[in-house]
Amino acid sequence: MPQSGWFHEMAATNCTDYDFLKIEPHWQRIWEETKAFRAENGSSKPKYYVLDMFPYPSGAGLHIGHPEGYTATDIMARYKRARGFNVLHPIGWDAFGLPAEQHAVATGTHPASNTQNNITNFRRQIKALGFSYDWDREVDTTDPKYFRWTQWIFLQLFKKGLAYVDERPVWWCPALSTVLANEEVIDGKSERGNHPVERRNLRQWVLRITAYAEQLIDGLKDVDWPDSTKRMQEAWIGRSEGAEVLFKLENTALGDLKIFTTRPDTLFGCTYMVLAPEHPLVPGLTTAAQRETVDAYRKKTAAKSDVERMSEAAKEKSGVFTGSYAINPVNGARVPIWIADYVLMGYGTGAIMAVPAHDERDFEFAKQFGLKIKAVVGRTTPMVFDIVPQTSVPDHGLQNLVLNIADKQTPIWCYHNYCVSGEGIAVNSEFLDGLPTKEATSKMISWLEAKKLGTKRINYKLRDWLFSRQRYWGEPFPIVWISEADYRRAAALRQDLPAQPVAFAEQGVTLYALPLPEAALPLQLPEVQSYLPSGTGESPLANVPAWLEIWINCQTGEAVPASAPQPQGDAWVRGRRETNTMPQWAGSCWYYLRYLDPQNATALASGDALKYWDVPDLYVGGAEHAVLHLLYARFWHKVLFDLGVVPQSEPFRKLFHQGIILGEDGVKMSKSRGNVVNPDDIIRDYGADTLRLYLMFLGPLEAMKPWNPKGIEGVHRFLRKAWRECLTEEGAVNPRISDGGALTADAEKVLHETIKKVGEDIDAMRFNTAISQMMILVNTLQKEPVLPRQAVRDFLRLLAPFAPHVAEELWARVGGSGSVMTAGWPAYDAAKLVANTMTIVFQVNGKVRGDAVVPVSAVESDLVKLALDHPKVAPHLGGKPLKRSIYVKGKLINLLV
RNA sequence: GCCCGGGUGGCGGAAUGGUAGACGCUGGGGACUUAAAAUCCCCUUUCCGCAAGGAAGUGUGGGUUCGAGUCCCACCCCGGGCACCA
C-alpha cells in the first residue's frame, strides 16, 4: 500500500464515538484512492488467488446470501495479504440472462441499459461492504471485450469438432418462447417463471461434453472439493460398465438389434426385449396385426411430458408388443420384442434385453404382461422371501441346484417367479454355471467378442450439452450458414475449419456452418426493434435482415447486408447468420481466467499471467452450482488445456460451499414470505463491519442457518467494546494504554491463545470460532489495569480481516502509522501458552467428583494421593480399595474402585 | 427407492475419545442514573433440595472403552441431491 503523506494526514476520522456511517465510507474512499487491493501480475511474493462465484446482477439487488460467501473470501484475502501473499481477489458480473431480456420485452429498452443499472447498484452495495476486490479487474460477460473471448473459445470447440448442430426434441416453453435445457425444467415447469413446457424439435447447437466424460470423472480425484459435490458430479456423469450385444432379428432384412447391458452374465435369462418407443427399428418390427396398437402407444409417449412420466401414476409400467421376435445369441431362444417408455432412447442403444428374474424394472413389466421369468443367478444361501415383497406369486419356484463349482458340494439356491437383483452365482447358463457374477460377466464378454456378437462397452448418463438459446440477450454465435459450394470455396481459403464440416439440412437445402475468423471477433449483437422472440423458435435476431442476411468475406469475416451489391472478390459469398445465442453458462465457464489479465486484447489472458496466477487456490460459492456450472467450467478448462491454452487440467483446486441463510422464521427467504433481509438496511443500522462479523458468527460457514435480528446486537456490542478499549468518550487514546506496562500472566496467555486460534481458524475457514475467541480476548483485556500498546496492536491486526473499517480507524488512532493491513500478522509465543499450573479433574469410576489446581510439575503418584484425600472425592470411594488409576497427562485422574 | 449431510439448553451454536453446553442471544436479579438509554456485575440444561449437595442429560435402543456428543451396529426424524440410465 502506498504510504503517501496525505494518507497519514487523512488517516482517521475524528469521531468521538463509534460512528460507523462516517468511518466506513471514509476508509472505503482511502482504499479506493490508494488502490489498496491491486494485485500485481508477476510479483515476487507468493501468490494467493481467492475467487467468489460472480453474481448475476438482478434488479432485486444484493441478497444477504451474497455477502456471506463474499465476507468469507474477503477474510481469506485480507489474512493472506497480512501474511505476505500477493492476493488476487476479483469480482465481476455474470450479466447475460433472461430477466434482463424479459425486462427489455416489457419496457422496450435495451437489455444492456437495464443490466448496467443493475450492475451499478450491485457495485455500490458490494463496495459498501468493504470487500477488498481489485476493481481494476472487474469483468462483465456482456462487454464485447469480454465475450469476444467467449466466442473465441466457442470457435476452438467448433474447430475441434466438439460443437455440432442437431435437430432434437427439446423443451419448448410457450410462455417464454424459448427452448429450455433439461436442467432448467423442474417437474415439467420452467425453472424461471414456473411455466408449463412441451416437446418440440428445433435445430440446436450442442457441445460434445460426453467426449470428456471419462476425464471429468478422473479429474475429481485430484481436487479438494466437498465429497458430496464430487459424488453429485460422479452420479451426474453416471459411468457404467457393461457390454453391447447384437441380437439377430427373425426378419433378417432389418439387420441386428444392438442392446446395452451391465449384466451380460444374465444373457441366458433374457426372456424378452424392450425398445424405446422412438427406436428407429420399431416401424420395421411392427407386424400388421400390431400396427394400430404400436402407433397409438408411440403417439401417446411422444405427447407425454416429463410431469406425466415422473408422476406416481406413471410409475405403473406400460408397453406394447410389436409382434416380432429376436434370437438370443447365446442359446438361440426366440424372444418377443416389446416397446415401452421405461426404456429411454437417449441412453445406451435405446434397446435392452429384459432379464426379469434379476432386474426389478423388467420384473415389474414381466409380471404386468405375463412374460416369462427365468432365473440364471443363484445364491449360496437360501433367502427369506419376505424381503422380496414385489410379487404375489407363491414361492414354489424355489430350486436347489448343486453346481460344478470348486467343492462340487455347495448347493445353489435360485428362485423362479421372483426378482433377485445383485450379484450371485450363475446357474442355468451353460458355460457360465458356477461362476460368480464378476467372472461370469468377463467370460461372457470374451465369448461374445470371440464370436463377434458383442463387445465391452462403457456408457454414461451424461448427455451432450444443449448450448443454444432462442434469445437476444446472449453471446451471438460467430457462425454464418453458407451453401455447400461456398463452403468448398471457403475451405480452400481457410486453414481453420473443422476436419468434419458442420452441416444441416432444412427444407431440402443443406447449409454449412462457416466460423468467423478469430480476427473478426467480437461479433456484436445488432440493435433490434423488438426483444420479443420471433415465436417460430428463432431468436429476435431473425428479425434484423441487415444483420442476418449478408454478403460475407469468408476469409476476413467482413460482412455487408445482402441488400447491397455483392462486393468484388472470390471470398465474398452469400450467408445467413446463426440466430441462436449462447446460454448464460458460457460467460461463467471461463471468467476466472479473464481476471488474470482482464485488459488483454490479443489473448484471453497472457501465458505469463496464466502461469503466475495459476488457478484459484480457493473457490467459494453455493452448492446449487454443484453440478452444472462446475461441470461445464471443468469441461471448457480441459478443452483449453488440451489446446495448450491453460497449463493445468482442473480449474478449481479447492472448493467450498457456503450454507444458505434462512429467514428469521427458519424457512428460505422469499419476497412472498416477507422474511428477506436487505444488506443496505443492516449497514445503515449497524454498519458493514457488524454485518460481516455477524454473517460469520452465525455458525459454520457451510451450515444452513437462520437469521436472527437479535443476534446481530451481540457482535455490534463486541465492536463497541473494542472501540472503548482503545478510545475514551472524547475520542482520545484510552489512558490505560501505555507503551510500557505488561498484561497479567493470565491475560497474556489468552492473547497468545487468541493469536494462535484465530490464525488456525481462518486457515480452516472456521470463522465463527475465531470471532468467539476474539470476544474472549476483549472480555479479558477489559479487566486488565494496563493495556500495553503492543497487545492492542496485536488484537487490531487479528480483527482487521473481519471488521476492516473499524480496525483501520482504531489502528490509525492508537495502533501506529500506515494501514493495519500493512502491519503484518501477529505471531504468538508458544512459551506464553504454557501455564505454570494446571487443573486436574478427579473422576471415580469415570464420574467427575472434583478437581484441583496443581503445579505442572505434579506427577501421577502425587495426583492420586491428592485425589484420594480430596474432600469431594473421598466420600465416593466408599472405603473400597483402589483397583487402578488412569492418568491423562495434564487433564484428569480416573480412580477405579 | 438410492446417495449424501445433520439431530446438543428457551434460541444460534462450542467441544484432538478425557469437566458437555465455550462465545453470543433471550430471560431474571443487581450496580450506576433524578429517570431512561448505554455500560458493568451475578444467575440462566432439567429434576430433587432451604442449603450443602445429589441425580439425570447430546434423536431412540444396543455395543466397544477406565471413560462416548465424539467410535461400532440397528432404528426414528429433519434437510439436500438423484430418480425407470438397463
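Here are the numbers for the structure shown:
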read-out: By average C-beta atoms within 10 angstrom, highest first, the peptides A:248-255, A:624-631; value: A:624-631, A:248-255
read-out: Principal-axis tilt of helix A:745-763 within chain A, Cα atoms, nearest 10 degrees; value: 20 degrees
read-out: Packing-based order for A:369-375, A:572-578, using average beta carbon neighbours within 10 Å, highest first; value: A:572-578, A:369-375
read-out: Spin-label pair A:Asp136/A:Glu241, simplified geometry with 7 Å Cα→Cβ offset, distance in nm; value: 5.3 nm
read-out: Around A:Lys80: net Lys/Arg minus Asp/Glu count, Cβ-Cβ under 12 Å; value: +2
read-out: Ranked by how many other beta carbons lie within 10 Å on average, peptides A:639-647, A:596-604, A:614-622 from highest; value: A:614-622, A:639-647, A:596-604
read-out: Cα lying deepest toward the dipole's positive end in chain A, options A:Ala326, A:Pro57, A:Thr581, charges on Cβ; value: A:Ala326
read-out: Sequence-distant residues sharing a close amide H with A:Trp481 (under 5 Å, placed H); value: A:Leu514, A:Arg576, A:Arg577, A:Glu578
read-out: Normalised contact order of the range A:60-152, rounded percent, pairs of Cα under 8 Å and 6 or more residues apart; value: 40 percent
read-out: Cα gyration tensor shape for chain A, rounded if a/c is under 1.5, else prolate or oblate; value: oblate
read-out: Lys, Arg +1 and Asp, Glu -1 on Cβ, resulting dipole of the range A:711-832 about Cα centre, debye, nearest 20; value: 100 debye
read-out: Extent along principal axes [Cα atoms of the range A:480-577; Å; largest to smallest]; value: 39, 28, 24
read-out: Shape category assigned to the range A:711-832 from the gyration tensor of Cα positions, a/c cut at 1.5; value: rounded
read-out: Net charge over other residues, Cβ less than 9 angstrom from the Cβ of A:Leu896 (K, R count +1; D, E count -1); value: +2
read-out: Per residue value of the accessible surface for the range A:480-577 (all protein chains in place, 1.4 Å probe), Å²; value: 51 Å²
read-out: Placed amide H near A:Met838: partners under 5 Å, 5+ positions off or other chain; value: A:Val854, A:Val856
read-out: Dipole of chain A [Lys/Arg +1, Asp/Glu -1 at C-beta], most positive-end residue of A:Pro226, A:Pro25, A:Ala571; value: A:Pro226
read-out: On Cα atoms only, tilt of A:144-159 relative to the major axis of chain A in degrees; value: 40 degrees
read-out: Estimated FRET transfer efficiency (A:Ser113, A:Thr380; beta-carbon r; R0 56 Å; 0.05); value: 0.15
read-out: Charge tally in the Cβ shell below 12 Å around A:Gly557, where Lys, Arg are +1 and Asp, Glu are -1, A:Gly557 excluded; value: -1
read-out: Folded to 0 to 90 degrees: helix A:20-33 orientation relative to chain A principal axis, Cα; value: 70 degrees
read-out: Cβ-based charge dipole, chain A, positive-most Cα from A:Leu281, A:Ala800, A:Gly454; value: A:Gly454
read-out: 222 nm mean residue ellipticity, helices alone, for chain A (DSSP H n ≥ 4; -39,500 (n - 2.57); rounded to 500); value: -9500 deg cm²/dmol
read-out: Residues of the range A:432-448 with amide N under 14 Å of a point placed 7 Å along Cα→Cβ from A:Thr410; value: A:433-440
read-out: Rounded accessible area per residue of the range A:653-711, 1.4 Å, Å²; value: 48 Å²
read-out: Under 5 Å, built H, 5+ apart or other chain: amide partners of A:Gly378; value: A:Ile425, A:Ala426, A:Val427
read-out: Projected label distance in nm at A:Ile458 and A:Ala830, using a 7 Å step from Cα toward the beta-carbon; value: 4.7 nm
read-out: Magnitude of the charge dipole, chain A, Cβ model with Lys/Arg +1 and Asp/Glu -1, debye to 20; value: 1480 debye
read-out: Set of aspartates and glutamates near A:Lys611 by C-alpha distance (under 13 Å), chain-local residues within fewer than 8 positions excluded; value: A:Asp597
read-out: Normalised contact order of chain A, rounded percent, pairs of Cα under 8 Å and 6 or more residues apart; value: 14 percent
read-out: Percent RCO, i.e. relative contact order, over the range A:688-824, from Cα pairs under 8 Å lying at least 6 residues apart; value: 29 percent
read-out: Of all accessible heavy-atom area on chain A, the percent that carbon and sulfur account for (1.4 Å); value: 52 percent
read-out: Inter-label distance, nm, simple model (7 Å from Cα along the C-beta direction), A:Arg200/A:Leu643; value: 3.2 nm
read-out: Set A:Lys35/A:Lys705; A:Lys654/A:Lys749; A:Lys189/A:Lys367; A:Lys22/A:Lys668; A:Lys367/A:Lys456; A:Lys832/A:Lys889 screened for pairs whose C-alpha atoms are more than 24 Å apart; value: A:Lys35/A:Lys705; A:Lys654/A:Lys749; A:Lys189/A:Lys367; A:Lys22/A:Lys668; A:Lys367/A:Lys456
read-out: Per residue, in Å², the accessible surface of the range A:63-176 once ligands and nucleic acids are set aside, probe 1.4 Å; value: 28 Å²
read-out: Nearby aspartates and glutamates by direct alpha-carbon distance to A:Lys372 (threshold 15 angstrom, same-chain neighbours under 8 apart not counted); value: A:Asp359, A:Glu360, A:Asp362, A:Glu364
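The values are calculated or read from the model by the stated rules, or taken from the named source; none is laboratory data. Since this is a predicted model, take the numbers as computed values, not measurements. Cβ: placed from backbone, ideal geometry, glycine included. Neighbour counts: every protein chain shown. Just the protein is used for accessible areas: all its heavy atoms, side chains included, with ligands, DNA and RNA removed. Shrake-Rupley method; radii C 1.70, N 1.55, O 1.52, S 1.80 Å.
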